[in-house]
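The values are calculated or read from the model by the stated rules, or taken from the named source; none is laboratory data. What you see is a predicted model; the values in this text were computed from it and never measured. Note that we place each Cβ from the backbone using ideal geometry, even for glycine, and neighbour counts take in every protein chain shown.
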Amino acid sequence: MRLKLLTTALWLMTLAAFPLKGEPDPTDWSSVQSEAEGQTVYWHAWGGSTTTNDFIAWIGKQAAKSGVTLQHVKLADTADAVGVVLTEKQADKTEGGAVDLIWINGANFASMKEQELLFGPFAEQLPNWQYVDVAGKTVTTDFTVPTDGYESPWAMAQVVFIYDSARLETPPASAAALLKWAQDNPGRLTFPQPPDFLGTTFLKQMLIDLLPDPSVLNEPVGEDYGTVTAPLWAFMDDLTPLLWRQGRAYPQTGPRQLQLMNDREIDIAISFSPGEASAAIANYELPDTVRTYVLEKGTLGNASFVAIPFNANSKAGAMVVANIILSPEAQLRAQTPDILGYGTVLDMKKLSDEDRAAFDALELGPATLSPEALGPAQPEPHPSWAQRLATDWVTRYGVAD
C-alpha cells in the first residue's frame, strides 16, 4: 500500500514538472518552433488604424518565414475577444479555441487572469525577452496587476495632447487650464466616446490631474469612490457643454478625432502614442504645424501586451509571433514615425552595437517629444477605476451612437 502511494505521488510530481500532453513547453524553444510550423495564428487585435493594420501585416510576413500563418482578426473592442474565450470555457472547450493571440492590457487582462483564461507563463521564456527593459519600463505589471509571465509586452505608450501650433500658441497644461481654454474657445475640444479606451483615458487623466494625491487610484475602487471622483464630475459638468457639438456627439475612435483636427473642427486631441502625430504628418493626415505636449504634472503611461488564451489552438505559433514582435527589427519598425511611432519596450544597453545604432539614428519626427520633454509616465490606476469611470460617464453624459 505504501509503495502504491509512493508511486502515485511520484507520478503526480512528474505531471506537475512537465506541460500537459499537447501543450507546448515554452522552455524548449526548438520544440516550440517545430510545433509552430504549419500553424495558423488568429491574432485578435484592434483594427481601427490603417498604420497598425499594416504593421500587423508586416509581422505576418516575418512569421511566414517560420512557417506560421498570421491572420489579423480586427476588433473594435478587445472585450469582444475576451468574451469569446470566456464563452468557450463555459462550454468546456478546453482546446481548439478560436482565439490564439490577443492585443491586451488593463481591465481585459485583469479579467482574463482572474478567470484563469490564459496560457502560460510563457513571456520570459521567449528568446527575445533578453532584450526587454525590465528595470526601466513597466512591463511586469499591467495597470498594477502583476503579469507573472502571462502576457508579453510589445509597445510603450504615454498620453500626449496634440495641437496645431499655427492655431494655438500656448496649449493648456492642466485640467483647470483646459477648462478655462474651453470656456474661451467653445466647441474646439472633444475626445473619443467612452467606453472607448482613449475616451476613458481622458477621464482618468483629468481625474489624476485634479486629485491632490492620485495614489488612491492604485487600489481597487472602494466605498470612497464618490468622494474621490467628485472633482472629476464637477469638472465634466462644466466642460461637457463646451465640447465639440456641445457634447451631444463624440468621435467614436482616436483616428476619427484626428480627422476632426485635420478638418480644423477641433484644436486639441488626446493620444496614447507620443509618435502618433508625427506618423500622421508623415502620412499627410495632419498638417506639419501640429505638435504634442504633456500636462505640467505629467501624463499616464502603460505598455501594450499580447496574451495567449488557455485553449488557443496554436499556442506554439502564438509564441513565435510574440517573439517576433520583441525582436529589435520589429521594435525599430514600430518606433519609426511614418509606420507607428510607438515607444520600444527594449533596453538599448542590451542590444548589439548595430541594433543600438539603428535606434539612435531614427528620426522620431517633428511632433514627437524628446524623452526629457515627455517626462516620466504616471502609473495607470487599478483596472476597476477605468471600468467604473466609463460606466458612470455613459450614465451621466452618454449619447446615442
Fill in the blank from the handout: In the range 140-180, anything in a loop (DSSP other than H, G, I, E, B), free of Cβ contacts under 8 Å to residues at least 40 places away in the same chain and in the same structural domain as F109 (by TED's automatic domain parsing) is listed as T140, D148, G149
Fill in the blank from the handout: Flagged in the range 254-293 as part of a loop (DSSP other than H, G, I, E, B), surrounded by fewer than 23 Cβ atoms within 10 Å (Cβ to Cβ) and β-branched (V, I, T), in numbering order, are T289
Problem - Every pair of residues 6+ apart whose Cβ atoms lie under 6 Å, when the first sits in the range 25-36 and is within 16 Å of I308 (Cα to Cα) while the second is β-branched (V, I, T) and outside any helix (DSSP H, G or I) - result: A36/V68
Practice task
Can you confirm whether the range 96-106 contains a residue that is of a type in the set (A, V, I, L, M) and in a loop (DSSP other than H, G, I, E, B)?
Solution key: yes
Fill in the blank from the handout: Sole miss for V306 among (1) assigned to a strand (DSSP E or B); (2) at pLDDT below 95; (3) hydrophobic (A, V, I, L, M, F, W, C) is condition (2)
Practice task
Quick one: in the range 181-232, of everything that is free of Cβ contacts under 8 Å to residues at least 12 places away in the same chain and either in contact with a Cys (Cβ under 9 Å, 6 or more places away or on another chain) or small (G, A, S) (or both), which residue is farthest from A107 (Cα to Cα)?
Solution key: A230
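Residue-by-condition table, conditions (1) among the acidic types (D, E); (2) within 30 Å of S174 (Cβ to Cβ); (3) in the same structural domain as S215 (by TED's automatic domain parsing); (4) in contact with a helix residue (DSSP H, G or I) (Cβ under 9 Å, 6 or more places away or on another chain):
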{"residue": "P309", "(1), (2), (3), (4)": "no, no, no, yes"}
{"residue": "S314", "(1), (2), (3), (4)": "no, no, no, yes"}
{"residue": "A330", "(1), (2), (3), (4)": "no, no, no, yes"}
{"residue": "G341", "(1), (2), (3), (4)": "no, yes, no, yes"}
{"residue": "M348", "(1), (2), (3), (4)": "no, no, no, yes"}
{"residue": "A357", "(1), (2), (3), (4)": "no, no, no, no"}
{"residue": "D360", "(1), (2), (3), (4)": "yes, no, no, yes"}
{"residue": "S370", "(1), (2), (3), (4)": "no, yes, no, no"}
Completion exercise
Checked the range 188-212 for anything assigned to a loop (DSSP other than H, G, I, E, B) and among the hydroxyl-bearing types (S, T, Y); matches are T190
Completion exercise
Checked against (1) within 18 Å of L340 (Cβ to Cβ); (2) of a type outside the set (D, E); (3) assigned to a helix (DSSP H, G or I), V82 satisfies every condition except (1)
Handout entry: Selection within the range 311-340 - at pLDDT below 95 and of a type outside the set (A, V, I, L, M, F, W, C)
Key = Q335, T336, P337, D338
Practice task
Would you tally the residues in the range 322-368 being of a type in the set (D, E), within 20 Å of D54 (Cβ to Cβ) and within 21 Å of the chain's Cα centre (by Cα)?
Solution key: 2
Problem - Residue identified as in a helix (DSSP H, G or I), in contact (Cβ under 8 Å) with a residue 40 or more places away in the chain and within 26 Å of the chain's Cα centre (by Cα) among T87, T51 - result: T51
Handout entry: Test: residue in the range 241-248 that is assigned to a strand (DSSP E or B), in the same structural domain as T201 (by TED's automatic domain parsing) and modelled with pLDDT of 95 or more
Key = no
Exercise for the section: Look through the range 189-232, keep the residues that are among the aromatic types (F, W, Y) and within 22 Å of Q257 (Cβ to Cβ), and return whichever of them is farthest from the chain's Cα centre (by Cα). Expected result: F191
Exercise for the section: For P381, work out the one condition from (1) part of a helix (DSSP H, G or I); (2) assigned by TED's automatic domain parsing to the domain that holds Q259 it doesn't fulfil. Expected result: (1)
